[in-house]
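Some notes on the structure that comes next.
The values are calculated or read from the model by the stated rules, or taken from the named source; none is laboratory data. These numbers were taken from a predicted model, which means no experiment stands behind them. So basically every Cβ, Gly included, is an ideal-geometry build from the backbone, and we count neighbours across all protein chains shown.
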Ligand SMILES: C[S@@+](CC[C@H](N)C(=O)[O-])C[C@H]1O[C@@H](n2cnc3c(N)ncnc32)[C@H](O)[C@@H]1O
């Protein structure tokens, strides 16, 4: 499969895809003219997989609250050639710097430029890719005022420009509608046979372990409950959904999703600041249909 996530994103679903595929509705491939909706798209591992594997998806809708990220999706879809040229240039500039001190200084300048928030979409996306490849662990974190604040990652020659992926993703994204905002807006896009896949910011396993600060606002328990209520509305409207989350041992999700089917699946998390915690974990998969 040529098309795959063009950014490294915390919580990326690449490791879980086989298990997600196994839990799709049993007759999914017999559905006609499917609408596939991902309201928290992030890196889009599941999106790219689904579009390449299930040709009966004739329409897809993606959404994320992170405007810089959704701008990347639009630029990859609509301006791949310009983007590749621009990424090649920034990659050449970065490789031409030979000391770590100077690479760090270049990184800090590009980060400050990105935080000006007045760039055209291609430049904004170029810097988003650059920061994603050169910052510490590929994290995306913003401070209370929305400024990207991840430190320098000390990679000598990271791949900043990968034309094969960009062109393959661009082709696939031609049938994708891209929205920016709160996930609740996506319900209006459901039409005919519709499958939603939710991968929201995970609920922390304990007070300190997990990372879910993708945005200025933390996705707290109230937000998790609001998402469950949204799942109820989807179910009432006759649509199908799958939802991932962390396997909290306090029974929070078992209570919240009592009326649905909950499965535990094995996941290997690749982004964790603490190497000792990079191991196998179970995650939850909730759905509103028997597979
Ligand atoms: C766990 S990540 C998704 C991971 C992704 N599916 C992947 O495979 O890489 C959660 C995403 O939800 C987005 N987000 C947070 N709050 C949101 C909201 N209220 N509405 C829509 N998206 C939101 C974040 O910007 C982040 O990209």
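Counting the residues of the stretch 38-66 that are crowded, with 16+ Cβ neighbours inside 10 Å and more than 19 Å from residue 219 (Cβ to Cβ) gives 11.
Right, residue 67: more than 16 Å from the ligand (Cβ to nearest atom) and touching a residue at least 40 places away in the same chain (Cβ under 8 Å) or not? No; evaluated as a whole, the condition is false for this residue. The helices (runs of 4 or more DSSP H) located wholly in the stretch 68-178 that include 3 or more residues which are within 27 Å of residue 51 (Cα to Cα) occupy 80-95, 121-134, 163-173.
Against the definition (part of a strand (DSSP E or B) and not assigned by TED's automatic domain parsing to the domain that holds residue 147), how does residue 61 come out, yes or no? For residue 61, the condition - part of a strand (DSSP E or B) and not assigned by TED's automatic domain parsing to the domain that holds residue 147 - is met. Contact map, the stretch 111-137: residues that are over 21 Å from residue 157 (Cβ atoms) paired with residues that are modelled with pLDDT of 95 or more and assigned to a loop (DSSP other than H, G, I, E, B), Cβ distance under 8 Å, separation 6+ or inter-chain. Pairs shown: 113/119; 115/147; 121/79; 122/79. Which residue is nearest to residue 56 (Cα to Cα), if the candidates are limited to the stretch 193-215 and must be touching a strand residue (DSSP E or B) at 6+ places or on another chain (Cβ under 6 Å) and at pLDDT below 95? Restricting to residues being touching a strand residue (DSSP E or B) at 6+ places or on another chain (Cβ under 6 Å) and at pLDDT below 95, the top hit is 202.
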